[in-house]
Structure formats: C-alpha cells, structure tokens
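To start, the structure under review is shown below, and the notes come after it.
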Amino acid sequence: MVQLRKAGATTRIPPHVFFLVSAIFHYLGPAFAVLLFSSVSVLGVAWFRIASAAVIFAIWRRPWRIFLGASWAQRRIFLALGIVLGLMNACFYLAISRLPLGTVGAIEFIGPITLAALGARTRRNIIALLLAAGGGWLLTDVRFGGQPLGFVFAFANCAFFMLYVVLGHRIAQDGGAAGIDRLGAAMLIALLTITPIGFTGALPAMTQPLLLLAGIGVGICSSVIPYVCDQLAMARLPRATFALLLSLLPASAAVIGVIVLRQIPTHIEIAGILLVACGVALHQESEAQSNNKKMRS
C-alpha cells in the first residue's frame, strides 16, 4: 500500500518538475567538487561521485535483489548503463580539467540535440530544436582552445551522455520506482567500473572529514538526486522530449549563477535563455496538440 501511495504521489507531479529539480542539482554538485579539486585528483573526484551515490542506492533500494531476479537480457542493460555511467563521469572530469567548462558543456550539448533531432517528426519540432540549439550555443560561449586530449575526453563524454539517455529510458519503461531500482543496480556496476582508475586518487580525502563530506555531497547532488529525478521524468516523457529539455541545462546554470553567485547574465546570455525557452515551449505546444488529436480520434 505504501508503495502504491508513493507511486500515485509521483504520478500527480508533472514530469517536467522532476526534470527541473534534476537541472538545478546538476549544477550544485560542482560547487562541492571545487573543494575537492585542490586536494584530490580528477579521477578521485569522479570516484567519490560514483561511490557515494552507489552506497546511498545500496542502502536505500537494495538493488542487488532486482539484479539477481532479472533476466540475462535485463542484466545486460544494467551492465551497459553502469559502465556508461562510470566512464561518462570519468571523461567529464578529465575534460573539464583541460578545457573551459563552457566548451565541454557545448560539446556535451551536441548529444541531446542529436537525440532530439532523431525523434523529431514535424517541421515545428525541427524549428524548436534549432532554437534550443542556438540558445545553448550562445549560453555556453564556445571557445575552441585548450589541450587536444581535452577534446577527446569531451567528445567521449558526449557519446556516453547520449548512451545514458537511451539506456536510461530503457530502464524507466515500467515506471519511476522500478527504474530507480534498476538505476541503483547500474550504479553498483559503475562503481566497479571506475574503482580501478579512481580509487587511488580518492585516498587523500579518506582521512579528512571535510573533504570526505564534500565527496559525499558531490555524489548526492550530482548523481543521486539528478539521476533519480531523471528516472521519474523519463518514465513519462518521450525520449525526444527529454533530450530537448536537456537544452535547458545551460539556462538553469545561468539562473543559479544569478541567485547563488550573483553573476548577472550578459545580453548574449539573456538572448540564449530566451531562445532555449522558446524552443522548449514550441516543442511542448506541438506535443500537446498531437495528444489532443489522438484523444479526438
């Protein structure tokens, strides 16, 4: 009964709200990472992010039960998603250690827009994608400078991020709660994936309580809350819609910058926010109209 009530409560909340929460915490996590970068290696920070999230999921959801009871086909998806999560986080931190964050964000942005383009079926949706892509381009203020190896990691992160969206939708098909359990199983695989390359770099923080708490904060804000909200949103949104909504991430970063850091956006950034907002609104209107047509027929 409790499970049913929880499921009913989540379905009453619009899926776009879950995405908004995910977008906010997506940028609060790096605030904790800043504290760690001066004392912990890049891959050590990535390990903390995955390890703390895996421990929380293990205590909260006991995901090994769903893994043991799953078919081999389902286990392959868990394994694939876990490996993708581990490598995606490692590539992201390796990229931002070599390139400006705006550049890495712009490259990562190519992935969701590509997925959204693959799911576009109308001229209106294509226009929406172009508006969102243009807004994201302005917001990230792309600068193609830096170390060549950084671009390798940035494009690898982009590819893994696309796979995360595809595989995330696969495990979210049966609803939010089941998807979260499967996400927990995948997170344990992610921990096994990243431990050989990241555990040693995390050792300096193990004996320092402040750094340890910062590492746990990175995991909660960057992996637990956003990924859980992603599952709750993915369970009720088409993949193309979710991929397009990801273009709101640069806009949410600008808003957080104003509220938390008192960073007032420039005219170009404001234009970017408006373009992204127009693109999302246009896509949603089209989706609502198609739903109305289905209901009428």
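The values are calculated or read from the model by the stated rules, or taken from the named source; none is laboratory data. Please read these numbers as outputs of a predicted model, since none were measured by experiment. Every residue, glycine as well, gets a Cβ built from its backbone with ideal geometry; the counts of neighbours run over all protein chains shown. Only protein heavy atoms, including side chains, enter the accessible area calculation; ligands, DNA and RNA are left aside. Shrake-Rupley method; radii C 1.70, N 1.55, O 1.52, S 1.80 Å.
By the scheme Lys and Arg +1, Asp and Glu -1, what is the net charge of all other residues having a beta-carbon under 13 Å from that of Ile83?
Surrounding charge for Ile83 is +2.
Testing the spin-label approximation: label points 7 Å from Cα along Cα→Cβ at Arg65 and Leu213. State their distance in nm.
Rounded to a tenth, the inter-label distance reads 3.3 nm.
Tell me, what is the 1.4 Å probe accessible area of Leu248, in Å² to the nearest 10?
Approximately 50 Å² of Leu248 is accessible to the 1.4 Å probe.
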